[in-house]
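So the structure is just underneath, and the comments pick up after that.
The values are calculated or read from the model by the stated rules, or taken from the named source; none is laboratory data. All values reported here derive from a predicted model rather than from experimental measurement. Cβ coordinates were reconstructed from backbone atoms using ideal geometry, including for glycine residues, and neighbour counts include every protein chain displayed. Only protein heavy atoms, including side chains, enter the accessible area calculation; ligands, DNA and RNA are left aside. Shrake-Rupley method; radii C 1.70, N 1.55, O 1.52, S 1.80 Å.
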There are 2 protein chains.
Amino acid sequence: MTPAEPAAGANAPDSPDAARAEAAGGREGARSPREEVLDAAAQCFMEKGFGAASIDDVARRMGATKGRVYHWYRSKLDLFVDVVRYSLELIHDQTAAAAAAGPPEGRMARMLRAHLRSILRDRPYHRVALQGVDLHLRAATTPEQREALAGLIALRDRHQRLFEKAIAEGVELGLYAPCDVPLTARTMLAAANGAVFWYRPREGETEADRNELIEKIAAYCLHGLHGPAAEKGEKA
Amino acid sequence: MTPAEPAAGANAPDSPDAARAEAAGGREGARSPREEVLDAAAQCFMEKGFGAASIDDVARRMGATKGRVYHWYRSKLDLFVDVVRYSLELIHDQTAAAAAAGPPEGRMARMLRAHLRSILRDRPYHRVALQGVDLHLRAATTPEQREALAGLIALRDRHQRLFEKAIAEGVELGLYAPCDVPLTARTMLAAANGAVFWYRPREGETEADRNELIEKIAAYCLHGLHGPAAEKGEKA
DNA sequence: GTCTATATTATGATAGAC
DNA sequence: GTCTATCATAATATAGAC
């Protein structure tokens, strides 16, 4: 749990809830040497993909050389794993907090807003995470790597289960139409995550602009939960 | 337009509408030598990603060696471009046909079914296409490559416009709630494309199973178009 | 902690036999 | 049309100076 320790396996920057400033987008204001590497890696992996981005690219983005990267991370795959882990912890923590912050009625809306806010704000990290955790699972040779990647799958499932729970709850309460809960959660998350692929902060974009975008996407995602059954007043 | 011609730029296997048998999934039954290479590439890129998959991987999957691949494709990027192009033409043609095959009322449902059917059926191709066309745009050095990639963007936009048009039409007709049409189209497509990342044909899966899956996903996507306004009977 | 070499390996691409 | 070399390059990872 030490916030900054050289390459020693799976530990990483402090928990996402701490003051993470402008984690992804901010070129400056990195929080620790290790996190500076992590930010650079997230941006490089986002732009070129894990395979095409080189360690030299990551170093160059920091105005440094390889040595700095390898001092903090044992391998490129370790770096990738840490970027994805950070992405998943970040978005899960914020979504879980939003879920707990009020009554069941507006729960899903709050969760979607929190999820989407993180998608826009920490886009490089999430973009990498969505690039395919499973893809590079095959590249994992050592047991430690396979273990780390299994951990990522667990984190991803945890986040999805948060949404499944909220959907099931809403169905129970008669807010949503009955549905295949895991499938619906997956599909809704896919819709919400879509923005990570095309969103780009426009020049002079205000917080209000982003909020409007979030509201529109969340609205679509929410309406998907109301089946035709709900319209006709047929519940269950 | 010749169906099989050695590496000569942007030409490719015949149009997707022809007898394409089991394009993606089928290990056997490839239609032409060039298409056999294309199928192998789609599967390799899907499994390992464009960056990590090697030309040797593609050849090995056919039980051949590099020579065979390079006889039909000038470079790895050319192969990638052709996989994506094939994916986009395939799904667009089928969706456009479904759109034209009936009245406006059920148009979007027909389009979504056609789109989803292709997502499931030609998954390797679509998975590669969604891996990030833009990602490898940077890797394009030669003018021909940049041109080819611009063509892919155009194909992608064409498919999206098909959905935008159907949404706008539905809003006009009072079928759907007014909305930000391009944003909604993107979000709906993201939801529909989500399956490409997690779907795997289960053992003993029937056509009916697939249809049920398609119907569930399409239902979610469709309901997203009906805003709360529709529920309250407020139109426009 | 960061840098400058450098070892090693993998892979994209080519040439030419068959 | 496909194969067997082979070249050239690029990138991961390491060793050791500062």
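Heavy atoms of the protein chains alone define the surface here; on that basis segment B:77-231 has 41 Å² accessible area per residue at 1.4 Å probe size. With each label modelled as a point 7 angstrom along the Cα→C-beta vector, the residue B:150-residue A:173 pair spans 5.2 nm.
Spatially, segment A:166-228 and segment B:48-84 are offset by 38 Å when compared through their Cα centroids. When the surface is traced with a 1.4 Å probe over the full set of protein chains, residue B:198 keeps roughly 70 Å² accessible. Distant-in-sequence amide contacts of residue A:122, defined by a placed amide H-H separation under 5 Å and a gap of 5 or more residues or a different chain, comprise nothing. From largest to smallest, the equivalent ellipsoid semi-axes obtained for segment B:77-231 from the alpha-carbon gyration tensor read 28, 20, 13 Å. Phi angles of segment A:156-170 translate, via the Karplus equation with coefficients 6.51, -1.76, 1.60 and θ = phi - 60°, into HN-Hα couplings of 5, 5, 4, 5, 5, 5, 4, 6, 4, 4, 5, 5, 4, 4, x Hz per residue; Gly and Pro are given as x. Each peptide in A:145-151, B:82-88, B:216-222 was scored by the mean count of other Cβ atoms within 10 Å over its residues; highest first, the order is B:82-88, B:216-222, A:145-151.
Please list, in order, the residues from segment A:107-146 whose amide nitrogen is less than 19 Å from a point placed 7 Å along the Cα→Cβ vector of residue B:54. What the label zone holds, given the 19 Å backbone N cut-off, is A:136-142. Compared with its chain on its own, segment B:38-55 contains the following residues whose accessible area drops by 50 Å² or more in the full protein assembly (probe 1.4 Å; ligands, DNA and RNA excluded): B:47.
Counting only aspartates and glutamates at least 8 places from residue A:66 when in the same chain, those with an alpha carbon closer than 17 Å to its own are A:35, A:36, A:39, A:56, A:57, A:78.
The B and A chains share an interface that buries close to 2900 Å² of accessible area, total over both sides, probe 1.4 Å.
Counting only protein heavy atoms and a probe of 1.4 Å, the accessible surface of segment A:87-231 is 54% carbon and sulfur.
Counts of other chain beta carbons within 10 angstrom of each beta carbon in peptide B:194-203 average 3. A simple packing score, the average count of other Cβ atoms within 10 Å per residue, orders the peptides B:35-46, A:180-191, B:51-62 as B:35-46, A:180-191, B:51-62, with the highest score first.
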